[in-house]
């Protein structure tokens, strides 16, 4: 009896006929709830497949089966029936609110049939065609879709055709569900793998991940790429791929976004679907998330579906209030020159973007290609640069234009100089200059500003103030104020004159019945609004989580706190208390320096610093010419010293501009939200961490004090402990935290980085025998020795020396290669001015060469990595491609590893482009080494750490690998990479994107030191950024056009066990490698 029951259960589960049951007498089941139907039953339920839904290649038909509406998907040429049933066992168990329920299936001849529940609300693809598909519904659909896919990958099922047509809405509601079928496959039947190599590539062009198309390997990572494309489509509403009549595929979505180039997030905002009415505080993080999903850099991990679902669910979904965050819209449209009749093609859509917070938009042929290609003939286009000018829009402040190009540009007929910034008003006309025309080329751009009722965070300049008249009482009328919406009770007022009356506002019709309107005239009164400096308008409905609101609140609270007498102004005494008590900077805020700050803050020179002055000074990005002249005036006044008893002696050599920037940076660090990845961010994260050593909880607060008072780039603070901080206890915390990081607890990684990189922690950074440094180094050596002994034992036991120790012994190396064999400083030295002091000249020259070299490194890295990946994977190895070496790391080596090298010292860095090849077997490594010689030629330098004569325990603490350097010559010229050759357009595109990214990386390195923006940096750091721009121009110059590309690269050959070893040793190895604290700080700040 029990045997029969067991056989019956087994049959029910695996779709077999139970004992004693005639074939076909009842439905067959492969999984709980999954029914095998007879083909004839499905044929009848769909009326012989008469009512087709959609236009996909795999047709879907509407039907009614056993009283329920169903959708039947037909898969022609279903192939192997056993494999199909294996897949059904996985698909039949999928049960999730955001997955269409698979109810059953049928098999007939060579076709398979899937019966799903019917969803009648249309697909996401159809909804995107609707003009009333607003951002809230799009965001909700995305969050649900991510949740469904997260569930699928946890079940080891891959959809393989993620696109809007396969995401369906349920009835008239907002619930969405994924439909799946012929392309969906499972890894559950393949040993529970997290990826699957398929025999047939499926998916839709534009959505399918390039890695998946190239390798046929599907995983959560490749599925996330498809979903990221869908997110971008939700934001922009452009298809990822279109087929031309010629059959050629074009990719409009990614052409607009250019996700491989810096500024992609801004381009998403520029090209957003305006019908969705995206708020920037939602669109911005959505775009960031989408771009992470479609990231092609192998070193940048894509998020998981679980992370995506969590991130989307955290975004605000409530609509903006009546005066909430309706943005300023900026529109640039084509207009003819005066006295010239000219019609423009109707398909030329204006350039438009919306502004909710500080935003910069670059205008030029590269950034709006469709606009300018439709607008101009080729001859005219020559006078419009790829990046001609930038528009900077900030809520509550005028639109600012900054000219980037050397080509002419006119604003209302007045020429603008390169680098100059001008204010652009509503109705302004922008002309692209051309010789022979006074005000630009034959086409002008008209600037139109549509300012909606938006909140103001700081007092607005003239023309920017908004206010309302609100009805608060009615009498003798049959209407309740409480029953009316807010907009029916308010009359918006803008600065200037607003006429009020029946013909001007509908509010009176809402409030009063027709007979009662007789006492209100058609034009009853005029209201004149005049802005004053002391007036501050706030939006009571502003979202307190908005970053700009948070910043304003911080500035306002600081202002109120130090306005001791409550007169709405900060005076000399109050500002001194603010800077000395709040900034925590190394600068000694004397009376003289406080006067300089007071002068800098007083934007209108009326002798008063009110909240708006304070905000403009703090939020501004650079000093205007007027502020520059004011500071010079302040310098003269202070130098005269009217009353020495009331003021400290003023140092005539002080840089008053720099002093103003120092004060601004110090206040910014204290008042504003921390920049991600910065020392302030590390301090905020540390507050949530448990003490790494539970026996010494008191160490935690001392380490935190060091992070909260990070020195940044201020070397005056070397060894100056923050008030209340104990260095020994901070070092004790550091040792315990590093042990945690070595054990894999990454949450301590950022605090460790910035604590080590804090000049305050090191009283004598140039002393090798400094006690705290030596103590830390001794701990690192002890840790590494313990790990190294274990791996040396494995080296001997596995005979690795015999297998690999001979590699490279036949290669003759005459001299150590250097990068200046190929990368040579140009005669103009990248525009670097000669310095008066010899030490300054040496330092600046060395830094300029680092920038020149790194510009070349980033330009060619994608070519090298592609070639290296191909070679390694051809012999069965795996690849790890770290980013190119950073500026600060190379800077640190100038005084350590390369201190005695010939000038330029940085040319000694031959590991700037590097890749790690990892192998399971020694034979794979040998094959890869041989193949690399075939492609790159023999190594120009080799160090074989697998050689038995190499003392690994002493030199590398047990770590072994082969380091080989090659001369990489890709067969291209710098002109090819700069974009001079159409046949190398793709390589040029990647190179230009890499240059953008390198400059941003360099800028981020400096910003993480505590600066607010580029304008607030030291002159020396800004000079390095100028060198970065000059290096790019050098490689794109006519002189370099035919110069072949060549650079020294490095390949690290390692066995898997040694790659695993690095996870435990890397934290400690940096400590051991440093010769003194200074090198360690620079290394950790890189």
(message) Give me the one-decimal nm value for the distance between modelled label points at residue 523 and residue 934, 7 Å along each residue's Cα-to-Cβ direction.
(response) 8.8
(message) Once you place label points 7 Å from the Cα toward the Cβ at residue 154 and residue 1070, how far apart are they in nm?
(response) 3.5
(request) Ratio to report: Rg/Rh of the range 686-763, with Cα atoms as the point set and Rh obtained by the Kirkwood method; give two decimals. (result) 0.95
(request) Can you tell me the FRET efficiency between residue 426 and residue 1043 if r is taken as the Cβ-Cβ distance and R0 is 51 Å, rounded to the nearest 0.05? (result) 0.60
(request) With a cut-off of 15 Å, note down the residues of the range 1041-1082 whose backbone N falls inside the zone around a label point 7 Å from the Cα of residue 217 toward its beta carbon. (result) none
(message) Highest mean first, how do 35-48, 849-862, 885-898 rank when packing is the count of other Cβ atoms within 10 Å averaged over residues?
(response) 849-862, 885-898, 35-48
(request) May I ask you to sort 872, 334 by Cβ crowding, counting other Cβ atoms within 10 Å and putting the fewest first? (result) 334, 872
(message) Under 17 Å from a point placed 7 Å out from the Cα of residue 698 along the Cα-to-Cβ direction: which residues of the range 765-779 have their backbone N that close?
(response) none
(request) Could you rank the peptides 746-756, 220-230 by their average count of other C-beta atoms within 10 Å per residue, with the highest value first? (result) 220-230, 746-756
(message) Taking 25 Å as R0, compute the FRET efficiency from the Cβ-Cβ separation of residue 768 and residue 911 and round it to 0.05.
(response) 0.55
(message) Please rank 811, 384, fewest neighbouring Cβ atoms within 10 Å first, as an exposure proxy.
(response) 811, 384
(request) Evaluate the Debye formula for the range 1011-1061 with equal point scatterers sitting on the alpha carbons, no solvent, and hand back log10 of I(q)/I(0) at q = 0.24, 0.29 Å⁻¹, in q order, two decimals. (result) -0.92, -1.10
(message) Taking 35 Å as R0, compute the FRET efficiency from the Cβ-Cβ separation of residue 329 and residue 69 and round it to 0.05.
(response) 0.20
(message) Assuming 0.36 nm per residue, please report the length gained on full extension of the stretch residue 573 to residue 728 beyond their Cα-Cα distance.
(response) 52.1 nm
(message) Report the gain in length on full extension from residue 815 to residue 690: 0.36 nm times residue separation, minus Cα-Cα distance, nm rounded to one decimal.
(response) 39.8 nm
(message) Between residue 288 and residue 274, what is 0.36 nm times their sequence separation minus the Cα-Cα distance? Round to one decimal in nm.
(response) 3.2 nm
(request) Normalising by the residue count of the range 942-1060, find the relative contact order in percent from Cα pairs under 8 Å and 6+ residues apart. (result) 41
(message) Between residue 797 and residue 202, what is the label-point separation in nm under the 7 Å Cα-to-beta-carbon projection?
(response) 4.6
(message) Below 8 Å, C-alpha to C-alpha, sequence gap of six or more: please give me the relative contact order for the range 679-763 in percent.
(response) 41
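Read-outs: derived from the displayed coordinates by stated rules, not from any lab. Computed from a predicted structure; not experimentally measured. As a convention, Cβ positions derive from the backbone with ideal geometry for all residues, glycine included, and neighbour counts pool all protein chains shown.
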